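Written below as C-alpha cells is the structure these notes are about.
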Amino acid sequence: MKRFARSLSLYVAVLGQLIASTVIAAPVIADIQIAPAATSTRIRLIASEEIPISAFVLSNPDRLIIETPDINFQLPPDSGVTSQGAIKSYRYGKIATDRSRIVFDLASPMVPGDIVKGTSMGGGAYTVSLFLTASDRENFDKAAQTAAISKAFKDLGPTISAPSIPDNRPLIVIDPGHGGNDLGATGVTGLFEKDVVLAFSMALAKKIEAQGLCRVLLTRDQDVFIPLDERVKIAHLHNAAVFLSIHGDTIAAVGDVRGSTVYVGDERSSDAEAAKVAEYENKADSAGGYTPQATDSSVADILGDLTLRETRTRSSLLARELVTRIADTTHLNRNPLRAAGFRVLRAVDIPSALIELGYMSSKADLDQLTSSEWTDRMTSRMADALVEFLNPPRSGPDIAKP
Ligand SMILES: [Zn+2]
C-alpha cells in the first residue's frame with residue numbers, strides 16, 4: 001500500500017524530467033496503481049499523455065490484459081510484485097512494434113468494466129482507470145473465450161510482424177489440436193491431449209525454423225480454444241503452403257491398439273475406424289462450447305474440382321512423405337495412411353494433413369508422447385518431411401508450387 005502514499009506530484013516531476021531529458025517517441029507510463037475493494041478493483045495508469053487502452057481476460061491461468069500503444073515503461077523498481085485484492089502480480093512489455101501489454105495475474109475471476117480517463121491533480125500527468133468487477137467462473141470463462149477468439153483474429157493482422165524485406169519462404173501452418181475448454185482426449189495417466197499436442201507442436205515449429213528454409217506459424221501457442229473453421233481460416237489468411245494438424249488419438253474399445261496415423265481429408269473415409277476418428281475430432285467445437293456456422297462453400301465453388309483434385313494429390317504426397325520419414329522413429333498404426341472427413345482438413349487449395357501421433361489411451365504411446373528424446377527425434381523427422389515436401393531436391397520431379 002505504500003505506493004498510495006506517494007503523491008501525484010512526484011509522478012508529475014518524474015514525467016517532466018523524462019520528457020525534458022530524452023527524446024521519447026512513445027508515451028511514458030510512470031506508475032500502475034491498484035486499489036482493491038470487496039467486489040471491485042480499480043487499476044490506474046499514470047501516463048505522460050492520454051493513451052487509448054483496451055482490456056480483456058484470458059483463462060488457464062486467469063489473466064487480465066490491458067493493451068496499449070507502444071509504451072515507454074518507467075515504473076518504480078518494485079512494480080509488478082503486488083498482491084492486492086484480486087491482483088496477484090503483473091508484468092509488462094512490448095508485444096509488437098506498435099503495441100504494449102500489461103498482464104495481470106488474477107487470484108479470483110474479475111472482468112473489465114468502465115474505463116475512465118482524467119488528469120492528475122496538478123494537471124501534469126494523465127490518468128486512465130480501469131474498473132474490474134468480481135465475476136463468477138462461468139461468466140469469466142465466457143469472456144475469456146470470446147477474447148481468445150478475437151485475439152486469434154487480431155494476431156493475424158500485419159501489426160504483429162511486418163518485416164521490411166518480404167519473406168518469400170513457404171509458410172507451414174502447424175495446428176495443435178483442441179485447447180481451452182476443449183481438452184481433447186484424456187490420457188491413461190490423466191494428461192490432456194490439448195497439452196501434449198501443444199508442447200509437441202511448439203517443438204516441431206522450432207525444428208522447422210532451425211532449418212531456415214520455411215516459415216512456420218502456429219494456430220495457437222497457448223491454451224486457448226480456437227474453432228475448427230478458424231484454424232483453416234488462419235492458414236488461408238497467411239497463404240499457407242501446407243497445413244498440418246497435430247493430435248493424439250483415443251479409442252473406446254479396450255485392447256493394445258497403438259501407433260501413429262496420418263490422415264488426409266476426404267468426404268469418403270478410407271475405413272470405418274478413420275470415419276470414427278474424424279467424427280470424434282469434429283466434435284471439438286461443441287466440446288469448446290462453440291457452435292460453428294454453416295460452412296461457406298463459395299470458395300470451393302470458385303476454385304472448382306480441378307484445384308481440389310490437385311490439392312488432394314499433394315496432400316496424399318505430404319502424408320506419404322510424413323509416414324515414410326517417421327517410420328523408423330515411431331510405432332506406426334497397422335494402416336498408417338488414411339482418409340476421412342475432418343473439418344480441419346477442408347482447405348480446397350492448401351495441401352493438408354492431420355497426424356494422430358499416438359493413442360492417448362495406450363500407455364506405451366503415452367510414454368513416447370511424453371518422452372523428450374522421442375519428441376526430439378519425431379519432430380526432426382517431421383520437419384524434414386515438411387521441408388522436403390516444400391523444397392524438393394532440384395534433380396527430383398518438380399512438384400512444389402512455384
Ligand atoms: Zn484430437
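The values are calculated or read from the model by the stated rules, or taken from the named source; none is laboratory data. Source: prediction; values computed, not measured. Every residue, glycine as well, gets a Cβ built from its backbone with ideal geometry; the counts of neighbours run over all protein chains shown.
Looking at segment 187-218, which of the residues that are assigned to a strand (DSSP E or B) and in contact with a helix residue (DSSP H, G or I) (Cβ under 7 Å, 6 or more places away or on another chain) is farthest from the ligand (Cβ to nearest atom)? The extreme case among them is Val216. From the list Asp349, Asp367, Asp296, the lone residue that is modelled with pLDDT under 95, in a helix (DSSP H, G or I) and not polar (S, T, N, Q) is Asp367.
Residue count for segment 348-377, restricted to those that are more than 15 Å from the ligand (Cβ to nearest atom) and either free of Cβ contacts under 8 Å to residues at least 60 places away in the same chain or surrounded by fewer than 23 Cβ atoms within 10 Å (Cβ to Cβ) (or both): 15. Here is a check on your reading of the model: is Glu279 out of contact with any Cys (no Cβ under 7 Å at 6 or more places or on another chain), within 13 Å of the ligand (Cβ to nearest atom) and within 26 Å of Ala364 (Cα to Cα)? Judged against the criteria, Glu279 is a match. Of everything in segment 82-117 that's under 21 Å from Pro61 (Cβ atoms) and at pLDDT below 85, which residue is surrounded by the fewest Cβ atoms within 10 Å (Cβ to Cβ)? This residue is Gly93.
Against the list (1) more than 20 Å from the chain's Cα centre (by Cα); (2) in a strand (DSSP E or B), the condition Ile95 fails is (1).
Is it fair to say Lys142 is in the same structural domain as Gln368 (by TED's automatic domain parsing) and either modelled with pLDDT of 90 or more or outside any strand (DSSP E or B) (or both)?
Against the criterion (in the same structural domain as Gln368 (by TED's automatic domain parsing) and either modelled with pLDDT of 90 or more or outside any strand (DSSP E or B) (or both)), Lys142 does not qualify.
So, in segment 217-229, of the ones that are surrounded by 23 or more Cβ atoms within 10 Å (Cβ to Cβ) and in contact with a Leu (Cβ under 8 Å, 6 or more places away or on another chain), which residue ends up farthest from Leu58 (Cα to Cα)? For segment 217-229, the residue satisfying everything is Arg220. Determine if segment 258-279 includes at least one residue that is aliphatic (A, V, I, L, M) and assigned to a loop (DSSP other than H, G, I, E, B). No: zero hits.
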